[in-house]
Amino acid sequence: MDQTTAQALFESGACLVILDTPTGIEFGIDLDTWETGPLFKGLKMIPPGIHYIHYSALNGEKQPGMRSGFFHNFSPREASI
């Protein structure tokens, strides 16, 4: 991401706060997926519009379980908790 895009998203992007997420959960938005760590608190700089938020548990071999998710229409500068 270039500096201009990052600055625009910092000023107008949405924020999704997710508290008390266990370490080792697969979490993602749209086509991006991450494994949560001990300091995970959510996402920021989300472009306004409709996005798919998804999550699933990982087993001992780091294989994801059944994925659950939902669509959310983020407004500019929205903070969802």
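Restricting to region 46-76, give me the number of residues that are more than 10 Å from the chain's Cα centre (by Cα) and within 28 Å of Glu11 (Cβ to Cβ).
12
Looking at (1) under 19 Å from Val17 (Cβ atoms); (2) open to solvent by 80 Å² or more (accessible area, probe 1.4 Å); (3) within 13 Å of the chain's Cα centre (by Cα), which is the only condition Ser80 fails?
It fails just one condition, (2).
For (1) out of contact with any Phe, Trp or Tyr (no Cβ under 7 Å at 6 or more places or on another chain); (2) crowded, with 16+ Cβ neighbours inside 10 Å; (3) farther than 14 Å from Ser75 by Cα, each residue gets a yes or a no:
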position: Thr4; (1), (2), (3): yes, no, yes
position: Leu16; (1), (2), (3): yes, yes, no
position: Pro47; (1), (2), (3): yes, no, no
position: His51; (1), (2), (3): no, yes, no
position: Ser56; (1), (2), (3): yes, yes, yes
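Let me confirm something: among Phe27, Phe70, which residue is in a strand (DSSP E or B) and either at pLDDT below 95 or open to solvent by less than 50 Å² (accessible area, probe 1.4 Å) (or both)?
Answer to the selection: Phe27.
From the list Leu58, Leu16, Leu9, exactly one residue is at pLDDT 90 or above and not β-branched (Val, Ile, Thr). Which is it?
Leu16
What about Pro22, is it open to solvent by less than 100 Å² (accessible area, probe 1.4 Å) and either in contact with a strand residue (DSSP E or B) (Cβ under 8 Å, 6 or more places away or on another chain) or in a strand (DSSP E or B) (or both)?
no
Please count how many residues of region 35-45 are assigned to a loop (DSSP other than H, G, I, E, B) and open to solvent by 70 Å² or more (accessible area, probe 1.4 Å).
3
The values are calculated or read from the model by the stated rules, or taken from the named source; none is laboratory data. These numbers were taken from a predicted model, which means no experiment stands behind them. Using ideal geometry, Cβ is built from the backbone for each residue, glycine included, and neighbour counts are taken over all protein chains shown. What goes into the accessible areas is simple: the full protein's heavy atoms, side chains included, and nothing from ligands, DNA or RNA. Shrake-Rupley method; radii C 1.70, N 1.55, O 1.52, S 1.80 Å.
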